[in-house]
Amino acid sequence: MANKRDLKKDINFLTDEVIDTCFLHYHLKQNNPEEKEKIELLIEDVIRMRNDLMQRLNNPDESLKGKSLKAHYSAILQEMIKKTDETFEKLGKFSA
């Protein structure tokens, strides 16, 4: 389990990578407005995901202490990895 600061950096890094890749696909789909709209929605979802994860990371339940707090942070990390992977899979469908 990484510390809170590293977890914040990881969240920001991964969301930046996903958004960068979304913008790349967005610009490659100049002639396809339907797919551009889907990519815009995907970018909005990524931003919402980032804000939600940061909110949960910065404001854990006050009853969490010790191992339960570490488990909370680990759950956030696992969710971040899962959602990032799902987003990249969705983007992969656009390039096909």
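The set of residues from region 45-67 being surrounded by 13 or more Cβ atoms within 10 Å (Cβ to Cβ) and not β-branched (Val, Ile, Thr) comprises 45, 49, 50, 52, 53, 54, 56, 57, 60, 64. If you take the residues in region 66-84 that are without any contact (Cβ under 8 Å) to a residue 12 or more places away in the chain and closer than 16 Å to residue 3 by Cβ, which one is nearest to the chain's Cα centre (by Cα)? Taking the candidates together, the pick is 75. Within region 58-80, track down each residue that is under 18 Å from residue 9 (Cα atoms) and among the charged types (D, E, K, R). 70, 79, listed by residue number.
Note on region 3-54: residues that are under 14 Å from residue 94 (Cα atoms) and in a loop (DSSP other than H, G, I, E, B) amount to 4. The residues on offer are 20, 52, 85, and the sole one that is at pLDDT 90 or above, within 16 Å of residue 8 (Cβ to Cβ) and acidic (Asp, Glu) is 52. Among the residues of region 50-65, those that are under 10 Å from the mean Cα position of the chain (by Cα) and of a type in the set (D, E, K, R) comprise 50, 52.
Taking the listed residues 93, 70, the one that is surrounded by fewer than 10 Cβ atoms within 10 Å (Cβ to Cβ) and in a helix (DSSP H, G or I) is 93, with no other qualifying.
The values are calculated or read from the model by the stated rules, or taken from the named source; none is laboratory data. Note that this is a predicted model, so its numbers are computed, not measured. We place every Cβ from the backbone using ideal geometry, glycine too, and count neighbours over all the protein chains shown.
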